[in-house]
2 protein chains.
Amino acid sequence: MARKADTAPDKRETGARLGRADWVAAARRALVDGGVAEVKVDRLATRLRVTRGSFYWHFKSRAELLDALLEDWRHANVEPFLSVLDGEGEPVLRLKRFFGVWLNGAAFDPALDSAMRDWARTSRPVARLVREADAARTDVLRRIFAAMGYPEPEAEVRARVAYYHQVGYYALGIVESRQLREALFPLYFKVLAGHDVPEG
Amino acid sequence: MARKADTAPDKRETGARLGRADWVAAARRALVDGGVAEVKVDRLATRLRVTRGSFYWHFKSRAELLDALLEDWRHANVEPFLSVLDGEGEPVLRLKRFFGVWLNGAAFDPALDSAMRDWARTSRPVARLVREADAARTDVLRRIFAAMGYPEPEAEVRARVAYYHQVGYYALGIVESRQLREALFPLYFKVLAGHDVPEG
DNA sequence: CTATGACCATACAGGAGAGCATGGAACCGC
DNA sequence: GCGGTTCCATGCTCTCCTGTATGGTCATAG
């Protein structure tokens, strides 16, 4: 029944066949709004409007899908984050750019980040990966603060406060208008950086 | 087989019968080190060295256990937290006391707090409860900063940074020696409060 | 037009876990 | 020590999910 797609195939374009990427994308969505426990083969199949027979052609097992999901996250939410922000320029401007990433949310998905952290609580390899990402990110911040002239213990502490603060913000599941966040931005910057927001 | 408790009944004292509280305690432990998904009736039964038959005498369903778990958390980790910290005294000293709660961790359990937040990601009522707790706690902080003389928008921002920072710290699953944390405490205090650590 | 490979449906086996029903054991008041 | 209450064991049913096997359909190269 129904290769003709009764209503809407949810993600893939009309009638197109699926690939591993489609399954990973569906898994990512399920992870974000349900946790790993909700990443189940038959549910994804239902959502993609195919049967599990399709899945087991693309993947050997559910574990293989989770591995692919992990690699997908690493590739999309860790590497770019670092390469973009660990560049050149005035330290204060680099810091402003760092905060900007959180604010505009173009480079990465905070909800996915939280979901990954949730997953990490019950999976050793995931925990390792997430912690590596966290360490790398805080290290970028630490170097920026050090370049701004803060002595070593304080640079580390400021990096932590800034980064942990953001993680906490998203962990709380706070929903605020972009306007409000932008209005508070100068104050956040002053408190976290100990400087006023620079021009540019 | 075995009312005589082969090895150790895990929690309840020798041979004693169980009550709702025992099941809730077991559920809390399971929640902390496995997430809601691991709070399963038969696993708890195994851990308590009884069968599921016992459970369904004390509880109508698994959902009822989760409700009890929720109420248990609210009663143990929200109300005391506020009453203790919203007291009298110098604002700076109250702030120091607030941070002290995080540090010595006697008044509440940060791991449980994180587990609850994870749970809140996939449950509306839990999210509502956790958010109420968060709002109440940040409000205590905000009032302290305001009493310290910070004008209103900044008091709010400093309260957020301080609180979110702690939430993030635990969300990352960081494990540090108490020594290191105490060594960094003065710096944290200086960055977060804009003051040196007061005496007393 | 046909053959090959990519993609998917169907049907089966098996496990894990929730929930109910019922009988038995332990305990307590009297 | 007897009867009622409290607590627990045992044995079912049912649902959800994973994994495998196998055959069908579609696209496309030649």
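The values are calculated or read from the model by the stated rules, or taken from the named source; none is laboratory data. All values derive from a computational prediction rather than experimental measurement. All Cβ positions, even for glycine, are placed from backbone atoms using ideal geometry, and neighbour counts span all protein chains on display.
Summary table
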| read-out | value |
| --- | --- |
| Yes/no for B:ALA162 being part of a helix (DSSP H, G or I) and under 22 Å from the mean Cα position of the chain (by Cα) | yes |
| Complete set of residues in the range B:177-189 that are under 24 Å from A:GLY194 (Cβ atoms) and under 23 Å from the mean Cα position of the chain (by Cα) | B:LEU180, B:ARG181, B:GLU182, B:LEU184, B:PHE185, B:TYR188, B:PHE189 |
| Candidate set from the range A:134-151 (those that are surrounded by fewer than 17 Cβ atoms within 10 Å (Cβ to Cβ) and in a loop (DSSP other than H, G, I, E, B)); member that is nearest to the other protein chains (Cβ to nearest Cβ) | A:PRO151 |
| Checklist (1) in contact (Cβ under 8 Å) with a residue 12 or more places away in the chain; (2) closer than 26 Å to A:ASP113 by Cα applied to B:GLU176, failing item | (1) |
| Residue in the range A:28-69 that is nearest to DNA strand C (Cβ to nearest atom), counting only those that are away from chain B (no Cβ under 14 Å) and within 17 Å of A:THR122 (Cβ to Cβ) | A:ARG62 |
| Selection count where residues are within 10 Å of DNA strand D (Cβ to nearest atom) and within 20 Å of A:TRP119 (Cα to Cα), scope the range B:27-66 | 0 |
| Failed item in (1) within 16 Å of the chain's Cα centre (by Cα); (2) more than 13 Å from chain B (Cβ to nearest Cβ), with A:ARG97 passing the rest | (1) |
| Condition met for B:HIS75 (farther than 24 Å from B:ARG121 by Cβ and more than 8 Å from DNA strand C (Cβ to nearest atom)) | no |
| Evaluation of A:GLY19 against (1) within 13 Å of DNA strand C (Cβ to nearest atom); (2) surrounded by 14 or more Cβ atoms within 10 Å (Cβ to Cβ) (one fails), failing number | (2) |
| So A:LEU192, is it more than 21 Å from the chain's Cα centre (by Cα), assigned to a helix (DSSP H, G or I) and touching a residue at least 24 places away in the same chain (Cβ under 8 Å) | yes |
| Subset of the range A:123-137 [small (Gly, Ala, Ser) and without any contact (Cβ under 8 Å) to a residue 60 or more places away in the chain] | A:ALA127, A:ALA133, A:ALA135, A:ALA136 |
| Test for A:ARG117: is it within 9 Å of another protein chain (Cβ to nearest Cβ) and either out of contact with any helix residue (DSSP H, G or I) (no Cβ under 7 Å at 6 or more places or on another chain) or of a type in the set (A, V, I, L, M, F, W, C) (or both) | no |
| Tally, over the range A:41-66, of residues that are on the phi < 0 side of the Ramachandran plot and surrounded by 16 or more Cβ atoms within 10 Å (Cβ to Cβ) | 11 |
| Any hit, the range B:118-129, residues being closer than 20 Å to B:VAL101 by Cα and charged (D, E, K, R) | no |
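For every residue, the table says whether it meets (1) surrounded by 18 or more Cβ atoms within 10 Å (Cβ to Cβ); (2) within 10 Å of chain A (Cβ to nearest Cβ); (3) modelled with pLDDT of 90 or more.
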| position | (1), (2), (3) |
| --- | --- |
| B:GLU88 | no, no, no |
| B:ALA106 | no, no, no |
| B:GLU132 | no, no, yes |
| B:VAL157 | yes, yes, yes |
| B:ALA162 | yes, yes, yes |
| B:VAL167 | yes, yes, yes |
| B:ALA171 | yes, yes, yes |
| B:ALA193 | yes, no, yes |
